[in-house]
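Visitor: Next up is a structure, given as structure tokens.
The values are calculated or read from the model by the stated rules, or taken from the named source; none is laboratory data. In this text, all values refer to a predicted model and were calculated from it rather than measured experimentally. Neighbour counts run over all protein chains shown; Cβ positions are idealised from the backbone, glycine included.
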Amino acid sequence: MGFWQPRRAGILALAAVIAVLPAVLPNAFYYDVVILVGINAIVCVGLNLLIGYGGQISLGHAGFFGLGAYFSAVLTGTYDWPPLAALATGAVSVGVLSFIVARPILKLKGHYLAMGTLGMGIIISIALNQEVDITGGPDGMPVPAFAIAGWEPSSEQTWYWIVAALLMISVWLALNLIDSPVGRALRSVHGSEVAASVAGVDVTRYKILIFVVSAVMASFAGSLYAHYTGFITPDEASFFHSIEFVTMVVLGGMASTFGSLVGAAILTILPQLLTVLHDFEMLAFGAILMGTMIFMRKGLVPSLVDLAKRARP
Amino acid sequence: MTLLRVEDLHKTFGGVGAIQDLTFSINPGTIHSIIGPNGAGKTTLFNLITGLYEPTRGRIHFNDADITGQPPHVLARHGLSRTFQNLQIFLNMSAMDNVMVGYHLRCDGRFLPSLFRFPSVVRKDAEYRERAAALMAFVGLEDYVAADASAMPYGALKRLEIARALAVQPKMLLLDEPAAGLNPSETLAIDGLIQKVAGRGVTVVLVEHDMRLVWAVSDHILVLDHGRKLAEGTGPEVRSNPDVVAAYLGEGGRDR
């Protein structure tokens, strides 16, 4: 079927980019940026399942990212847990927490859901700031290396391959989910909740499911981020970080998994490129975002796909 | 034997009685129409039967089960499906996927099999895609099998909604104004489609303003006025009922 081609082509293109990048990245600084792109992209692939496919907004996902990061930092740093166990514990805990908040919060719609998730994210951020004894407070805390059975990734290159592999897996799983009964149910909830329920879709169940999935992916990425950077602060859970994630998803294109990758890449790389503009950095950044959203309302990737279709029918 | 039994149904909105003292039953395998002037409570009654509203009082029995107050996705399992007066199409999906959502209860909706793309999920999806294509052909949408829902004309979307409702494999299908917004020739075609659906053994319940369609297809008609039952019976019985003529068609209605 025709539908299969873009899906396979997308995965192959992603694999090709990942394979070629090390040949063109000149030094550790560039690796660093690309690794951060990958970590953000994992969050965005999950968040896009919630926002782009499920049609539910969240302005609090940095909270889950931050929780994942702090679970890893505290359990490995303070309690000497193995990093993998800490990462898994963080993911499960965030899964349980998001499951508990999901039912009341997802009863809200539109602006109200945005406010609800916003409040949730801010509460997590405040908790991380205030629990100085556990988290070190606003000063942040160091995170031990990501040691697995005595081995630890020492160079940027090693981290690059770890993050790339995990990103590939995330994209593969997300694409599986989208083209499945679960994915159709999600998209139908986005399209019309009443029609979905009349067709037999348990709307609440699928909303909760995808909220939890996206929260767990954010927590997972947060754990990776903590070990990779080696030092975290409550800023990872801040409101502005949540907005950044949502902007990545919207800029790249809602309901486009590869769009999330592009969005994450642009919003991570652009600030680095724009540093040459000095004082006008934020001005240019905002102008680029506004321009994109005005002229490519569906987001970068879906708009470009439409253009390509029109050029070659 | 009755398929649907409504007993002493009441629904009030902020003190206003939208449905009052309503008792009726529907036999399987026939085409029923619910008619009445604007605001008579027809759509409210549909929303009560399909679980979108909870009744203030009264019970609804379907296929020997008490379904009062059950949510719509549970009623779908019982074999109850419907279309909407103002279209409720998933415009973010392809036409085929719209119908596939109708097959949701037949497909494997569990998380892990979908996440890891189990062969059983893929096989079942492929099987139901074929059935969805056949169903689209049944309602006359064979030209739109590969189309996006957002690119389809209004008349085709009405049929798409019927196809999606049929995919639920209902015992009873409720159609809320299937002919609204259609021109006379399209209405005629919908008329044929409704008869075809009933011919498959699905009990059809219609809310419709197009009286020609109502007289043409209905085996049984229920007339509502101000949320109460005004009359009930076959087409000719209802047509000659003086209350109906006065309340529904108006005084001039005698000439029709």
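Visitor: Please work out if B:Leu22 is touching a Leu at 6+ places or on another chain (Cβ under 6 Å) and either closer than 25 Å to B:Leu230 by Cα or not charged (D, E, K, R) (or both).
Guide: Yes.
Visitor: A follow-up question, please. Test each condition in (1) out of contact with any Phe, Trp or Tyr (no Cβ under 8 Å at 6 or more places or on another chain); (2) in the same structural domain as B:Leu193 (by TED's automatic domain parsing); (3) closer than 17 Å to A:Val203 by Cβ; (4) of a type outside the set (Gly, Ala, Ser) for B:Ile67 and report the one that comes out false.
Guide: So the condition that B:Ile67 fails would be (3).
Visitor: Does segment A:191-232 hold any residues that are touching a strand residue (DSSP E or B) at 6+ places or on another chain (Cβ under 8 Å) and either of a type outside the set (A, V, I, L, M) or without any contact (Cβ under 8 Å) to a residue 40 or more places away in the chain (or both), and which are they? Explain how you work it out, then say what you get.
Guide: To start, the set of residues in segment A:191-232 that are touching a strand residue (DSSP E or B) at 6+ places or on another chain (Cβ under 8 Å) comprises A:198-199, A:225-226, A:230-232.
Selection gives A:Val198, A:Ala199, A:Tyr225, A:Gly230, A:Phe231.
Visitor: Which one of these does B:Cys107 not meet: (1) within 20 Å of B:Gly29 (Cβ to Cβ); (2) not assigned by TED's automatic domain parsing to the domain that holds B:Ile60?
Guide: Checking B:Cys107 against (1) within 20 Å of B:Gly29 (Cβ to Cβ); (2) not assigned by TED's automatic domain parsing to the domain that holds B:Ile60, the one that fails is (1).
Visitor: Across segment B:160-189, what is the total count of residues that are farther than 20 Å from B:Thr50 by Cβ, touching a residue at least 24 places away in the same chain (Cβ under 8 Å), not polar (S, T, N, Q) and not in a loop (DSSP other than H, G, I, E, B)?
Guide: The qualifying residues number 2.
Condition check ((1) under 15 Å from A:Val37 (Cβ atoms); (2) polar (S, T, N, Q); (3) under 14 Å from the mean Cα position of the chain (by Cα)) across all residues:
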site: A:Asp235; (1), (2), (3): no, no, no
site: A:Ser238; (1), (2), (3): no, yes, no
site: A:Leu261; (1), (2), (3): yes, no, yes
site: A:Gln272; (1), (2), (3): yes, yes, no
site: A:Thr275; (1), (2), (3): no, yes, no
site: A:Phe285; (1), (2), (3): no, no, no
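Visitor: OK, next. Is segment A:185-206 home to any residue that is more than 14 Å from every other protein chain (Cβ to nearest Cβ), surrounded by 23 or more Cβ atoms within 10 Å (Cβ to Cβ) and modelled with pLDDT of 95 or more?
Guide: No, that holds for no residue.
Visitor: Another question, then. Report, by residue number, each residue of segment B:166-189 that is in contact with a Gly (Cβ under 6 Å, 6 or more places away or on another chain) and within 28 Å of B:Val74 (Cα to Cα).
Guide: Across segment B:166-189, the qualifying residues are B:Ala167, B:Val168, B:Pro170, B:Lys171.
Visitor: List the helices (runs of 4 or more DSSP H) inside segment A:109-223, counting only whole elements, that have at least 1 residues being closer than 28 Å to B:Gln88 by Cβ. Walk me through how you get there before you give the answer.
Guide: Working: elements: A:110-130, A:132-135, A:156-178, A:181-191, A:193-198.
By residue number, A:110-130, A:156-178, A:181-191, A:193-198.
Visitor: On to the next question. If you take the residues of segment B:60-92 that are in contact with a His (Cβ under 9 Å, 6 or more places away or on another chain) and of a type in the set (A, V, I, L, M), which of them is farthest from A:Ser256 (Cα to Cα)?
Guide: Taking the candidates together, the pick is B:Ala65.
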